[in-house]
Every structure is written in structure tokens, then in C-alpha cells.
């Protein structure tokens, strides 16, 4: 039987910022958690939607059409192909749901970009 997982506890235990970790898998979709602060990078995912659910704190998702502000318990789906940049003024814990083909920073590579192997590391 698969283990019971507390996304809030896993996110709180992370020591690296902007380094998502896979905590579950449903068919071809990964469930990830991350601890974030500051700005990630403007990027898009050509073939994948990306769901952001706020476990703790506040996240602003900047988009060319205007920002989306998310508080604890709220979620937003960034549609495939939409350029976006997640920003957290203070530490924020997030849960992400995205296809297992999604690259961390999509079409952009930065010093914060994490490989899938890195995201699959044990917590």
C-alpha cells in the first residue's frame, strides 16, 4: 500500500527554495511540493497546464495579461503556453500538479532550474 503523505509537512521540511519534490503520481501526472521565496523566472510550458495550490503563505503569479494573487487554500491553473513568473515576497509553500513531461522552468533554463531526477529525490 502506498504511504500516506502530508504535503504541508513535506513542504515545511524542505531546505531548498524553488526545488520542487514529487510526493505522488496519478497516472501521467506528478503531485509536487515546493518552498519558494523571491522570483523564479518568466517561462511557459508549451504542452502542459500547471496547477498551483497554496499550502501556506501568498503567491503572485505574474502573467502578461496581469497578475494573479493567491492565498493559503486557493488554487490557480496556468494554461499551457501562457508565460508566467511565480513570485513570493515571503516564504510560501505550494503544491503543484503537472504532467510528468513538464520541465521545471519550461522553455527557460536558469540557475534555479531543477531536473526531473532532482525533483524525484527523496525528501
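What follows is calculated from the coordinates using simple rules that are stated; it is not laboratory data. Model, not experiment: these values are computed from the prediction. Note: ideal-geometry Cβ built from the backbone for every residue, glycine included; neighbour counts use all protein chains shown.
Computed over the chain, the per-residue total of -39500 (n - 2.57) for DSSP H runs of n ≥ 4 gives a 222 nm mean residue ellipticity of -2000 deg cm²/dmol, rounded to 500.
When volume of the Cα convex hull per residue in Å³ is calculated directly from the model, which label among (1) 125; (2) 99; (3) 89 fits? Recomputing volume of the Cα convex hull per residue in Å³ here gives the entry labelled (2).
Distance from the alpha carbon centroid of segment 71-123 to that of segment 1-51 works out to 6 angstrom. Subtracting the Cα-Cα distance of residue 77 and residue 110 from their residue separation scaled by 0.36 nm leaves 9.6 nm. The mean sequence distance of close C-alpha pairs (under 8 Å, at least 6 residues apart), as a share of the length of the chain, puts its relative contact order at 32 percent. When the Gaussian network model of the chain links Cα atoms closer than 10 Å, the mean-square fluctuations of 26, 82, 68 top out at 26. By the count of neighbouring beta-carbon atoms within 10 Å, fewest first, 42, 18 end up ordered 42, 18. The antiparallel fraction among DSSP beta bridges confined to the chain stands at about 95%.
Computed over the chain with a Gaussian network model linking Cα atoms closer than 10 Å, the most mobile of 64, 91, 48 is 64. When the Gaussian network model of the chain links Cα atoms closer than 10 Å, the mean-square fluctuations of 46, 34, 11 top out at 46.
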